[in-house]
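Input: a single structure, listed below in structure tokens.
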Amino acid sequence: MQFYETYPETFIVAEINGFVVGYVAGFMAKEGVGRVFSLAVHPSYHNRGVGGNLLKEIIEIFRSMGVTEVVLEVRSGNIKARRFYERHGFHKIGILEKYYNDAENACLMELEIK
Ligand SMILES: CC(C)(COP(=O)(O)OP(=O)(O)OC[C@H]1O[C@@H](n2cnc3c(N)ncnc32)[C@H](O)[C@@H]1OP(=O)(O)O)[C@@H](O)C(=O)NCCC(=O)NCCS
């Protein structure tokens with residue numbers, strides 16, 4: 001709720017039959033740079049295009065805000081999510097060592113948009 005209240009224009013939920021089954025939260029990190037902070041879909045609704053639609057939607061909102069570069073961090077071991085982002089045009093631009101509380105590295109990914 002705090003994230004939604006701070007950045008309402010880049011917080012989107014996906015609903016099926018009136019139930020929230022996924023969300024994406026982002027914000028403008030700096031001029032021209034949008035950051036996807038968190039994206040998740042309820043496990044019962046995976047692999048139906050919900051996550052892809054949420055990602056496409058936030059990219060379009062960022063585009064309308066003048067963003068030309070979208071960045072995000074994902075756990076290095078989260079192969080499914082990394083492949084998902086690559087399918088949407090993101091590529092790896094770096095590693096953030098021990099980024100997470102449990103000391104796992106983050107993979108920093110970027111998408112350039114026009
Ligand atoms: C990563 C995540 C958000 C993807 O959500 P999703 O709703 O399953 O995503 P999609 O359905 O759009 O795409 C997933 C796969 O389903 C396939 N797919 C998409 N639409 C489909 C459809 N209509 N029918 C069958 N398969 C489909 C895609 O090919 C895609 O394959 P890929 O992973 O190899 O790219 C989800 O797995 C998740 O919530 N994971 C846990 C949280 C997480 O890891 N978040 C990301 C890190 S911040």
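Computed values, structure above
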quantity: In nm, spacing of pseudo-spin labels at Lys98 and Arg75 (7 Å Cα→C-beta vector); calculated: 1.9
quantity: Rounded FRET efficiency, nearest 0.05, which uses the C-beta distance separating His42 from Arg83 and R0 of 22 Å; calculated: 0.65
quantity: Global form of region 12-114, assessed from the alpha-carbon gyration tensor, a/c cut-off 1.5; calculated: oblate
quantity: Cα-based reach from Lys114 at 20 Å (exclusive), listing lysines while leaving out same-chain residues under 8 positions away; calculated: Lys30, Lys56, Lys92
quantity: Loop GluC sites (Glu not before Pro), region 43-103, which have at most 12 other Cβ atoms in a 10 Å radius of their Cβ (DSSP); calculated: Glu97
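Every number here is computed from the coordinates shown, using simple stated rules; none is lab data. Note that the structure is predicted; figures quoted are calculated from it, not measured. Using ideal geometry, Cβ is built from the backbone for each residue, glycine included, and neighbour counts are taken over all protein chains shown.
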